[in-house]
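Working notes, structure below.
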Amino acid sequence: MRIIAGQFRGLALTAVGKGDTGAHLRPTTDRVRESLFNVLAGGKFGDALTDARTLDLFAGTGALGLEALSRDGECVTFVDDGRKAQSLIEQNIAICDATARCKLIRADATRLPANSDAPYDLIFLDPPYAKGLGEKAIDAALRGNWLTSRALIVWEESAPIIVPDALTLLDTRKYGDTKINFLEPKLA
């Protein structure tokens, strides 16, 4: 697993093999990540990456958040409650020498506390598949003031998602068994 483009391009991240089923780690493949970031870098959603404050929920290895940071993001906050994931995230932040622009919250993404910092522009949501955890996490993020009014939510799942009333589904892209859903807050 490598950073595909930007400031950290080519850096190899800490290996997890084919994932850690015990820790529920299922890294997004380089190919899917590359396709996703091509979408985010231009076109339909404009440039969602430049100066983005990124929130990476169910962060796993941190690859999505670090890829966004590499591509001119302002900062990234990772949220994961798994000890293995937390260790991988810390190692990958160190590999990218990005400690000053990263924060790790050791918490369950479905139980986010209220946000005491500025809200986030780009939210990655990559929960364990088909467990309904994405709906709980995005609800917690909405209630806790984690999203800006113009936030772009990138929600990876294998099953159809239930879109919360506060959000609008913009697009869904399919990559094998993976569906990437793009959402935004409804205008008030």
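Derivation of every value follows stated rules applied to the coordinates shown; laboratory data play no part. What you see is a predicted model; the values in this text were computed from it and never measured. Here the Cβ positions follow ideal geometry from the backbone for every residue, glycine too, while neighbour counts run over all protein chains shown.
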### Message
Test of understanding: given the chain, find the longest segment containing no trypsin sites (Lys or Arg not before Pro) that are in a DSSP loop and have at most 11 other Cβ atoms within 10 Å.
### Response
19-185
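If you take every DSSP beta bridge whose two residues both sit in the chain, what share of them, in percent to the nearest 5, is antiparallel? Walk me through the intermediate numbers first.
Numbers: 15 of 33 bridges.
Rounded to the nearest five, the antiparallel share is 45 percent.
Summing Lys, Arg as +1 and Asp, Glu as -1, what charge do residues with Cβ under 10 Å from the Cβ of residue 118 carry, residue 118 excluded?
So the environment of residue 118 carries a net charge of -2.
In units of 2.2 N^0.38 Å, what is the alpha-carbon radius of gyration of region 141-188? Each step should come with its number before you reach the end.
Details: Rg = 11.3 Å, N = 48, 2.2 N^0.38 = 9.6 Å.
Its radius of gyration relative to the 2.2 N^0.38 Å reference: 1.18.
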### Query
³J(HN,Hα) across region 105-113 via Karplus (A = 6.51, B = -1.76, C = 1.60, θ = phi - 60°), whole Hz, x for Gly/Pro?
9, 8, 8, 6, 5, 7, 10, 4, x
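Go ahead and estimate [θ] at 222 nm for the chain from helices alone: -39,500 (n - 2.57) per DSSP H run with n ≥ 4, summed, over the residue count, rounded to 500.
-7000 deg cm²/dmol
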### Message
Output wanted: per-residue J couplings in Hz (rounded whole) for region 44-50, from phi through Karplus 6.51 cos²θ - 1.76 cosθ + 1.60, θ = phi - 60°, x for Gly and Pro.
### Response
4, 10, x, 9, 7, 9, 4
### Query
Out of every Cα-Cα pair in region 47-89, what percent are more than 14 Å apart?
40 percent
### Task
State, as an integer percentage, the relative contact order of the chain based on alpha-carbon contacts under 8 Å between residues 6 or more apart.
17 percent
### Neighbour-count order for 32, 76, fewest beta carbons within 10 angstrom listed first
32, 76
### Task
Within 10 Å of each residue's Cβ, count the other Cβ atoms and sort 81, 117 from fewest upward.
117, 81
### Task
Calculate one ³J(HN,Hα) per residue across region 71-83 by plugging θ = phi - 60° into the Karplus curve 6.51 cos²θ - 1.76 cosθ + 1.60, and present them in order as whole Hz with x for glycine and proline.
9, 6, x, 6, 7, 9, 10, 9, 10, 7, 9, x, 5
#### Entry: Among the listed pairs 136/179; 103/179; 103/131, those beyond 24 Å (Cα-Cα)
103/179; 103/131
### Task
Could I have the simple spin-label model distance between residue 7 and residue 81, label points 7 Å from Cα toward Cβ, reported in nm to one decimal?
3.2 nm
### Task
Starting with the fewest neighbours, write out 149, 35 ranked by other beta-carbon atoms found within 10 Å of each beta-carbon.
149, 35
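Can you work out the FRET efficiency for the pair residue 130 and residue 100, with r the C-beta to C-beta distance and R0 = 35 Å, to the nearest 0.05?
Values: r = 37 Å, r/R0 = 1.05.
So the FRET efficiency works out to roughly 0.40.
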### Query
Two-decimal Rg/Rh of the chain from alpha-carbon positions, Kirkwood Rh?
0.92
